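J.: Encoded as structure tokens, here's the structure I'll be asking about.
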Amino acid sequence: DAKTTQPPSMDCAEGRAANLPCNHSTISGNEYVYWYRQIHSQGPQYIIHGLKNNETNEMASLIITEDRKSSTLILPHATLRDTAVYYCIVRPFNQGGKLIFGQGTELSVKP
Amino acid sequence: DGGITQSPKYLFRKEGQNVTLSCEQNLNHDAMYWYRQDPGQGLRLIYYSQIVNDFQKGDIAEGYSVSREKKESFPLTVTSAQKNPTAFYLCASRKWDRGSGGLSYNEQFFGPGTRLTVL
């Protein structure tokens, strides 16, 4: 079973920041948090990952709470092309790198 | 260009027939994965392989088989024993960081997927 909880859907206005929350209250100390997104009928695309520090790359920022029980993915200036299903994943430790996907959050960016 | 290819994009088969889905990568990645996705659901792991000539069952391996004879290729066979084979199938690969004692954090790269419909 997925170890994360995400809202099923969210809306965001184009040009505004999109903040996608994720709860992972049972996360273990050596488990990473990954974020992927999937545009309809395509393969998932890696966005970002982190362990305990906040992370930023060219796509997004990842904010992880100090107790590591939740995190937020931030898309700083959402565009219509960011409309997708976003998956927050806690990767199990020492299981061949497999990912356990939940149902994700369907983000709709509106003009 | 480096990447993962899956062919064909759409596949139709009659019930009771075995079908093999292709997955090829030229990223020199060690590990490869097969996932299944049903409408409105997340991905579920079928099989994965960390090195050539070795593979492990995932969460829903029944009715499927795989082989890993070459590093670049990880074909998936959907057998007639799979009760509900109609789904979107996704292949992924990942560079295996052997130096980190299992704490590898390299991300998985996904192919474009094959949509299988069994009539």
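All of the numbers you see were taken from the coordinates with simple rules; none came from a lab. Computed from a predicted structure; not experimentally measured. Here the Cβ is made from the backbone with ideal geometry for all residues, glycine too, and neighbour counts use every protein chain on show.
J.: Considering the convex hull of the alpha carbon atoms of segment A:1-69, report its projected area averaged over all viewing directions, in nm², one decimal.
T.: The number I arrive at for segment A:1-69 is 5.8 nm².
J.: For chain A, which cysteines have no disulfide-compatible partner, meaning no other cysteine Cβ under 4.7 Å?
T.: A:12
J.: Mind running the shape call on segment A:53-103? Use the C-alpha gyration tensor, a ≥ b ≥ c as the square roots of the eigenvalues: rounded below 1.5 for a/c, prolate if a/b tops b/c, oblate otherwise.
T.: Oblate shape, in that a/c is at least 1.5 and b/c is the bigger or equal ratio.
J.: Kindly put B:118, A:90 in sequence by how many other C-beta atoms sit within 10 Å of each C-beta, fewest to most.
T.: Fewest to most other Cβ atoms nearby, the residues stand as B:118, A:90.
J.: Next question. Under 20 Å from a point 7 Å along the Cα-to-Cβ line of residue A:23: which residues of segment A:63-89 have their amide N that close?
T.: Flagged as within label range: A:63-74, A:86-89.
J.: Please work out, to two decimal places, the log10 of the ratio I(q)/I(0) at q = 0.10, 0.14, 0.21 Å⁻¹ from a Debye calculation in which every Cα of chain B carries one identical scatterer.
T.: The calculated log intensity ratios at q = 0.10, 0.14, 0.21 Å⁻¹ are -0.28, -0.55, -1.19.
J.: Putting +1 on Lys and Arg Cβ atoms and -1 on Asp and Glu Cβ atoms, find which of B:48, B:31, B:60 reaches farthest to the positive end of the dipole of chain B.
T.: B:60
J.: While we're looking at this one, here's another question. By average Cβ neighbour count within 10 Å, what is the ranking of B:24-30, B:53-59 from highest down?
T.: Ranking, from highest mean packing down: B:24-30, B:53-59.
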